[in-house]
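Taking it in order: structure first as structure tokens, then the write-up.
Bear in mind that the values in this text are calculations on the coordinates, not laboratory data. Everything quoted here is computed from the prediction, not taken from an experiment. As a convention, Cβ positions derive from the backbone with ideal geometry for all residues, glycine included, and neighbour counts pool all protein chains shown.
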């Protein structure tokens, strides 16, 4: 009888343990999806103590240990039952205590994710069956403490199970993706829209939307939606959105490694290229800025011979790409702000003025005999550059630049990129949560400086994925913020320490720096320190993988 009860206890314990793996696995799957299914990045996130040894499994293991010690006093016949009971009760406590952070970005149950979860579940069931067999086969004295080991080791298993499932599915995913790409290529070839590729470390999304809006009066234009800027994102854009009425297709192209933009260019046939910048965004993954520059040049290299390449010429790295493109025989158009000294400019923005209603500047292309006074309802120096590039492309396409300059006044801010949002309490919010790069955050601070407001407040978790320059860039961000802001709210003590150092070096009093760990704490802090007439800039919005877990 005791043996039967012991077997039942072990099996029930395995089922409860699988329940904990399921809950933790869904959280791990969400992080895996955010990290674009890159195993090493998921494992790097999982190294934190709150994942490897959460309080829930520690408490469960402690209870299992206590039962195991008591089981040593039982007869050998009942020790097997005690072993199962230790695992069962410990797992139940772990399930009851486990709490995941609220998700800023929830798990999206795509077909791929469903497949990964299905295979992961199968692997977990096999593993649970093996553990049941082991506890029943081991000597009863050893089995008494098996539940402790299983509970302590559970967090170590979750992420590798997800990665193993994805690895096993690689041949399946490759076939599925190849089918989607082939279908998209056939559709694209049949429709043959004029295609403009937009790449760059920063500014590409806003430039894409601005260009599409200015092209729209002359021709039906499709910009790749949302953040569809990878090979599969562009594939989806074609398969789901591109129709015969679209005469122009503006394709945003992003990359984490050399070769990714080239793959997108094999899917579409860009006839004009725009490179908005070259900088350390994603430097952690690329390794060097030279590799980033090579990745951006892939768009230019895909152009027909002599085709136009519109390239930001105001900083050395992108100006170097312009020289490289010119040497290769492309028609290079360098754009920038008057006074930038990285090299000669073809399209120049000057005479800049800003008020509550608009940013105004003079747009000139001396070699083409063009000059326009432009007003845009957008904040930030970078938007002057984005509009300058877009008007240059309008002219290259043989369309009237003066009409594009007039239409620029009707542009709308790209969501989450220096988007001004009045709040019900009389405070103004500048939502710049998607400008997560060294250039964007400083443009945001300058926009905040220009805004009328009783107090200026910065809310930020800082900059990430900048590799070796990350600490220095965050400190520089803090020093600049100290010049502009009356109060600063830093989200996450760990990654914002360099910003805090910069704030101190810049002279911001310590009592005006507030360090919090969640968006709920941001809201509470703003309610305490802000009031009507204040302006708050939200700069960057880190994915969940960068937020500290609760233990």
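At a Förster distance of 35 Å, what's the computed FRET efficiency of residue 168 paired with residue 245, Cβ-Cβ distance as r, to 0.05?
Numbers: r = 42 Å, r/R0 = 1.21.
The formula returns an efficiency of 0.25 here.
Tell me, in nm to one decimal, what length is gained between residue 62 and residue 50 on full extension, where the rule is 0.36 nm per residue of separation less the Cα-Cα distance? Walk me through the numbers on the way to the answer.
Values: separation 12, 0.36 × 12 = 4.32 nm, distance 1.67 nm.
Net length gain for the segment: 2.7 nm.
Does anyone have the angle between helix 2-34 and the longest principal axis of the chain? Alpha-carbon axes, 0 to 90°, nearest 10?
The helix 2-34 is inclined about 10 degrees to the chain.
Once you keep just the Cα pairs under 8 angstrom separated by 6 or more residues, what percentage relative contact order results for the range 1-144? Display every interim value, and only then the final one.
Working: 158 pairs, mean separation 59.6, N = 144.
Averaging sequence separation for qualifying contacts and normalising by length gives 41 percent for the range 1-144.
Which of [x] 1.07; [y] 0.97; [z] 1.00 is the computed Rg/Rh (Cα atoms, Kirkwood Rh) for the structure on display?
It is the one labelled [x].
Tell me whether the range 260-319 comes out rounded, prolate or oblate; compute the Cα gyration tensor, take square roots of the eigenvalues as a ≥ b ≥ c, and use a/c under 1.5 as the rounded threshold. Intermediate results must be reported in sequence, preceding the final value.
Details: a/c = 2.75, a/b = 1.35, b/c = 2.03.
Oblate shape, in that a/c is at least 1.5 and b/c is the bigger or equal ratio.
How big is the C-alpha Rg of the range 92-131 next to the rule-of-thumb value 2.2 N^0.38 Å, as a ratio? Don't skip to the end; give the middle numbers.
Values: Rg = 13.7 Å, N = 40, 2.2 N^0.38 = 8.9 Å.
Relative to the rule-of-thumb radius for its length, the range 92-131 sits at 1.53.
Angle between the Cα long axis of helix 76-97 and the longest principal axis of the chain, 0 to 90 degrees, nearest 10?
Value to nearest ten degrees: 30.
With a ≥ b ≥ c taken as the square roots of the eigenvalues of the C-alpha gyration tensor of the range 303-358, please select rounded if a/c is under 1.5 and otherwise prolate if a/b is larger than b/c or oblate if it is not? Write down the numbers at each step before the final one.
Numbers: a/c = 3.37, a/b = 2.08, b/c = 1.62.
Because a/c hits 1.5 or more and a/b exceeds b/c, the range 303-358 counts as prolate.
In 5 Å bins starting at 0, how do the alpha-carbon pair distances of the range 2-168 split up by percent?
For the range 2-168, the pair-distance distribution reads 2, 10, 18, 20, 18, 13, 9, 6, 3, 1, 0.
Pop a pseudo-label 7 angstrom from the Cα along the beta-carbon direction at both residue 3 and residue 110 and give the gap in nm to one decimal.
Distance between the two pseudo-spin positions: 5.2 nm.
Quick check: pseudo-label points 7 Å beyond the Cα along Cα→Cβ at residue 11 and residue 130, how many nm apart are they?
2.1 nm
Using all Cα-Cα distances in the range 393-472, what percent lands in each 5 angstrom bin from 0 up to the longest?
3, 11, 18, 17, 15, 13, 11, 8, 5, 0
Ranked highest first by the average count of other Cβ atoms within 10 Å around their residues, in what order do 41-48, 234-241, 504-511, 485-492 fall? Please list the in-between numbers first.
Numbers: 41-48: 16.2, 234-241: 19.2, 504-511: 13.0, 485-492: 22.5.
Ranked by mean Cβ neighbours within 10 Å, highest first: 485-492, 234-241, 41-48, 504-511.
What do you get for the angle between helix 381-396 and the principal long axis of the chain? Use alpha-carbon atoms, 0 to 90 degrees, nearest ten.
It is inclined by approximately 60 degrees.
Give the relative contact order (percent, whole number) for the chain; include only Cα pairs under 8 Å separated by 6+ residues.
Working: 1048 pairs, mean separation 64.2, N = 551.
It rounds to 12 percent for the chain.
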